[in-house]
1. Tell me yes or no: at least one residue of the stretch 316-332 is closer than 30 Å to Ile177 by Cβ, outside any loop (DSSP other than H, G, I, E, B) and in contact with a Gly (Cβ under 9 Å, 6 or more places away or on another chain).
2. I'd like the residue in the stretch 101-132 that is part of a loop (DSSP other than H, G, I, E, B), within 20 Å of Asn153 (Cα to Cα) and β-branched (Val, Ile, Thr) and, out of all such residues, is farthest from the chain's Cα centre (by Cα).
3. Which ones in the stretch 196-210 are of a type outside the set (A, V, I, L, M) and surrounded by fewer than 19 Cβ atoms within 10 Å (Cβ to Cβ)?
4. Looking only at the stretch 250-273, how many residues end up being among the charged types (D, E, K, R) and surrounded by 22 or more Cβ atoms within 10 Å (Cβ to Cβ)?
5. Output the residue which, of all residues in the stretch 275-314 that are buried (at least 20 other Cβ atoms within 10 Å of the Cβ) and of a type in the set (A, V, I, L, M), is nearest to Asp240 (Cα to Cα).
6. Tell me, yes or no, whether the stretch 118-135 has at least one residue that is of a type in the set (Ser, Thr, Tyr) and surrounded by 21 or more Cβ atoms within 10 Å (Cβ to Cβ).
7. So, in the stretch 297-316, exactly how many residues are under 23 Å from Ile260 (Cβ atoms) and of a type in the set (Ser, Thr, Tyr)?
8. Looking at the stretch 171-196, which of its residues are under 13 Å from Val373 (Cβ atoms) and hydrophobic (A, V, I, L, M, F, W, C)?
Amino acid sequence: MSKLIRSGGLLLAIIFILFNCCFNLSATAQKDSVTVFKTYRVGIFAPMYLDSIFTNTGTIRFTDAIPKFMTPGLEFVHGAEIALDSMKAGKVNVEAFIYDTKSYTASIPQLIKDKKLDKLDIIIGSVKDLEFKQLADFALYKNIPFISATYPNDGGVKANPFLVVVNSTLKAHCEAIFSYLIQNHGTDKIFLCRQKGVQEDKVAAYFKMINGQEGKPLLDIQTLNFDSIVSPGLLKNRLDSNRQTVIIGGSLEETFATNITAACYELYESYPIILLGMPNWDSFKALMKKDVYEDFPVYVTTPYFNSKLDIYSKMVTAAYTKKYKGKTTDMVFKGFESTYLFTKLVTKYAGDVMNHLNDKGFKVFSDYNFRPVMLKKDAVFPDYFENKHLYFIRLMNGTITKGW
């Protein structure tokens, strides 16, 4: 099912024939079986670029390391495999099919054309852009739940009550920040700090819309515009040493995030500052250095929180180390969680998963709260379902911990 190649201690090539590969978790032996249990079919989709591994002569192109563009999809699938291997057989059969969305010969449109996906009971995907739209359209056409596990976007999809967005959209993050502010900092000074840019315009528009949905602004959120340089002096002129100030870093760009953090760090001993960043700030290396912004916390929202101290995390880490001789990553855990959780749901609530998305009985790492999203007030059906449960995590001294 899989093949490992090592060179210099590095794990190189990982899975060969995945789109033909089938896991069968059976409750009974094939031989002398009296009871026939229902079979549920799970499709797992990720971009693995397996056709790029080999040359025309069948040799492996990469001998030193797997290219970085391949690793997220492979790691997601590895987590999914561990989830499937860990499930105990019950009174159902589960067949899980893994598809490489970057396959030259078995693309999503080709699989659909050949009716290879027609019998799936659920689709779990770590996909984006065109492949996200293709799977969402197919899921709607066939009334199959499509679990988008990692893409923080709705992809422009509308009127699709079978789409589930697990990795919350940017708008949902802004909603969570606003909810926190109105509950805890309604009388404090609040500044949205930004630079020019399309994403920055989008963030500002979300806060304006959320703040004004009652007809008038609920919070006094002032906008401060900066160029490429964030001046501590300019920021200082707007602060009050006797009053709490909340700074919203309204940009997804790393340089700006680093600059606004540095400016706040320079001022925070004299001015009480809380800095709230965007959801991708936890991936910025500059903010995760141990001794750069010593004892100054930056708070970020995220739909995923895994302390890695629970029994599932320990099991995944042990299985991954044994099987792949590598270190578990967030994508491994996401592959495990989405596969384990939604495979359990599809076997318990056959044909009715969409009405049981918030069942807490199969929680793995994170808490989820899936809510219907109506892009128009007069919509008859949800445009999709989205996870609205977001954690506030704290980045400080090179570590990530739960904030609130």
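The values are calculated or read from the model by the stated rules, or taken from the named source; none is laboratory data. Computed from a predicted model, the values in this text were never measured in an experiment. Positions of Cβ are backbone-derived with ideal geometry, glycine not excepted, and every protein chain shown enters the neighbour counts.
1. Here is the first cut: in the stretch 316-332, the residues closer than 30 Å to Ile177 by Cβ are 328-332.
The next check asks that each one be outside any loop (DSSP other than H, G, I, E, B); those that pass are 330-332.
Cutting the leftovers down to in contact with a Gly (Cβ under 9 Å, 6 or more places away or on another chain) gives us 331-332.
Checked the stretch 316-332: at least one residue is closer than 30 Å to Ile177 by Cβ, outside any loop (DSSP other than H, G, I, E, B) and in contact with a Gly (Cβ under 9 Å, 6 or more places away or on another chain).
2. Out of the qualifying residues, it is Thr101.
3. Within the stretch 196-210, Lys196, Gly197, Gln199, Asp201, Lys202, Lys208 qualify.
4. 0
5. Per the criteria, the residue is Leu275.
6. Yes, the stretch 118-135 contains at least one residue that is of a type in the set (Ser, Thr, Tyr) and surrounded by 21 or more Cβ atoms within 10 Å (Cβ to Cβ).
7. Final tally of qualifying residues: 3.
8. Matches in the stretch 171-196: Ala172 only.
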